[in-house]
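First comes the structure, then the notes that go with it.
The values are calculated or read from the model by the stated rules, or taken from the named source; none is laboratory data. Note that the coordinates shown come from a computational prediction; the quantities given were computed from them, not determined experimentally. Cβ: placed from backbone, ideal geometry, glycine included. Neighbour counts: every protein chain shown.
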Number of protein chains: 2
Amino acid sequence: MSRQTGPKASKPEPLATPMEDTGIIDFEIIELFFFAYRDFVSDPDAILEKSGFGRAHHRVVHFVNRNPGMTVADLLDTLKITKQSLARVLKQLIDSGYIRQVAGPEDRRQRKLYPTKSGRELALALAEPQSRRIERAFEGASAEVREGVKAFLSGMRDRQRAD
Amino acid sequence: MSRQTGPKASKPEPLATPMEDTGIIDFEIIELFFFAYRDFVSDPDAILEKSGFGRAHHRVVHFVNRNPGMTVADLLDTLKITKQSLARVLKQLIDSGYIRQVAGPEDRRQRKLYPTKSGRELALALAEPQSRRIERAFEGASAEVREGVKAFLSGMRDRQRAD
DNA sequence: AAATTTATCTCAGCAAAGCTGACATATCTT
DNA sequence: AAGATATGTCAGCTTTGCTGAGATAAATTT
């Protein structure tokens, strides 16, 4: 259907050489990281869709379980999303009885977040397959390599943000 | 506003203990991985939003540059998304002149995908900050650790899928 | 030659999870 | 009393997934 007669693309030359040729860029790790993360989150995704929850709920449940008593502001800072985005999933988790809010003892404007018993169970159920996957990936690794992997993952984070 | 008089949540007990206590689950790596990936994709995200593209475009541009001549079916298999999801971003990339389609020489039903010159440049520009981040994360790592990280990331992938 | 399968594209619509802007409320600080 | 802070909420937008239904062109099988 008149593919080359359009006004925009005046037939730019396609390139047939794979990109690995450049040598400067570490494409191998970039791809390994992409595939690793894609499969890493697929386990909890499968569990969550039974409850009608998604990846966003997972993150909230995880961090509230790891840091009981954290505030909404803490959570926003950790997840780097906006208040309105968080509000929706947080409300669903509270309504479903996985998370509870308690007014801060010092500052009563704050809403400190705690998991309920079922919230704790959910977080553990979601973490379990991920943990097994990690153990499998570490099979046969020396202590030095295990530490090296942690250092690598830490090193991938932003040093500090100006926000 | 009548928080505990609702019909659904009959005040389940909140838990105040952090989840690390269980000992069975490797929460540390789970979180490191989350933060590492969050920041890893933030660099290209920032570049892409100038062009009006998103993360999905990045993935397509990346893999087409890595594997020039791959078909739409190959790409679907790599990304594990549906045809209709891919169609949208692929069309935008073709219309914008970053990717070209060529009918397969053997099987003329196929659309083999190639980057244009600007598509190659875009892919390199997106990979560059990620590659620098990786180099930084590897700073001071021995060859053994570098290999160990690759093995770890490979090990995180699904072994094989039944699809 | 006809029928079927395959590779791709398209249309229409839905959902999750991000986003912005604006505003309300309760509470703390000055 | 005034202002700042922590949170909640309303309305609406975007991206990127999804599904179902169908069209087209080309290859394959009968």
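In segment A:71-82, which residues are in contact with a Phe, Trp or Tyr (Cβ under 7 Å, 6 or more places away or on another chain) and of a type in the set (A, V, I, L, M, F, W, C)? Lay out the reasoning, then the answer.
Restricting attention to segment A:71-82, the residues satisfying the condition of being in contact with a Phe, Trp or Tyr (Cβ under 7 Å, 6 or more places away or on another chain) are A:75, A:78.
Once the filter is applied, which keeps residues that are in contact with a Phe, Trp or Tyr (Cβ under 7 Å, 6 or more places away or on another chain) and of a type in the set (A, V, I, L, M, F, W, C), segment A:71-82 yields only A:LEU75.
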For this session: Please enumerate the residues belonging to segment B:116-133 that are facing chain A (nearest Cβ under 7 Å), buried (at least 21 other Cβ atoms within 10 Å of the Cβ) and either in contact with a strand residue (DSSP E or B) (Cβ under 9 Å, 6 or more places away or on another chain) or acidic (Asp, Glu) (or both).
Result: B:THR116, B:ALA123
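Need a quick list: helices (runs of 4 or more DSSP H) entirely within segment A:56-163 having at least 2 residues that are within 11 Å of DNA strand D (Cβ to nearest atom).
Hits in segment A:56-163: A:72-79, A:83-95.
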For this session: Can you confirm whether segment A:110-126 contains a residue that is more than 19 Å from A:HIS62 (Cα to Cα) and within 15 Å of DNA strand C (Cβ to nearest atom)?
Result: yes
Exercise. If a residue has to be modelled with pLDDT of 95 or more and more than 23 Å from B:LYS150 (Cα to Cα) to count, how many in segment A:129-163 make the cut?
Worked result: 0
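On the given criteria, is A:ASP107 more than 7 Å from DNA strand C (Cβ to nearest atom) and either hydroxyl-bearing (Ser, Thr, Tyr) or closer than 24 Å to B:ALA16 by Cα (or both)?
On the way: more than 7 Å from DNA strand C (Cβ to nearest atom): no; either hydroxyl-bearing (Ser, Thr, Tyr) or closer than 24 Å to B:ALA16 by Cα (or both): yes.
Against the criterion (more than 7 Å from DNA strand C (Cβ to nearest atom) and either hydroxyl-bearing (Ser, Thr, Tyr) or closer than 24 Å to B:ALA16 by Cα (or both)), A:ASP107 does not qualify.
Let me confirm something: among A:ARG55, A:ARG100, which residue is in contact (Cβ under 8 Å) with a residue 12 or more places away in the chain, more than 15 Å from B:PRO14 (Cβ to Cβ) and of a type in the set (Lys, Arg)?
Working: A:ARG100 fails: more than 15 Å from B:PRO14 (Cβ to Cβ).
Step by step, each of A:ARG55, A:ARG100 is checked, and only A:ARG55 is in contact (Cβ under 8 Å) with a residue 12 or more places away in the chain, more than 15 Å from B:PRO14 (Cβ to Cβ) and of a type in the set (Lys, Arg).
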Exercise. Would you pick out the residues in segment B:61-76 that are closer than 22 Å to B:ASP107 by Cα and either in contact with a Leu (Cβ under 9 Å, 6 or more places away or on another chain) or modelled with pLDDT under 90 (or both)?
Worked result: B:PHE63, B:VAL64, B:ASN65, B:ASN67, B:PRO68, B:GLY69, B:MET70, B:THR71, B:VAL72, B:ASP74, B:LEU75, B:LEU76
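If we keep just the residues of segment A:134-148 that are within 14 Å of B:LEU153 (Cβ to Cβ) and over 18 Å from the mean Cα position of the chain (by Cα), which is surrounded by the fewest Cβ atoms within 10 Å (Cβ to Cβ)? Explain how you work it out, then say what you get.
Within segment A:134-148, the first condition is being within 14 Å of B:LEU153 (Cβ to Cβ), and the residues that meet it are A:134, A:136-139, A:141, A:145-146, A:148.
Those still in the list that are over 18 Å from the mean Cα position of the chain (by Cα) too: A:136-139, A:141, A:145-146, A:148.
Numbers: A:ARG136: 11, A:ALA137: 19, A:PHE138: 19, A:GLU139: 9, A:ALA141: 18, A:VAL145: 22, A:ARG146: 15, A:GLY148: 23.
In this case the residue turns out to be A:GLU139.
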For this session: Determine if segment A:41-50 includes at least one residue that is farther than 24 Å from B:ASP158 by Cβ and within 11 Å of chain B (Cβ to nearest Cβ).
Result: no
Problem set entry | Residues of segment B:39-55 that turn out to be crowded, with 18+ Cβ neighbours inside 10 Å and part of a helix (DSSP H, G or I), as a count | 4
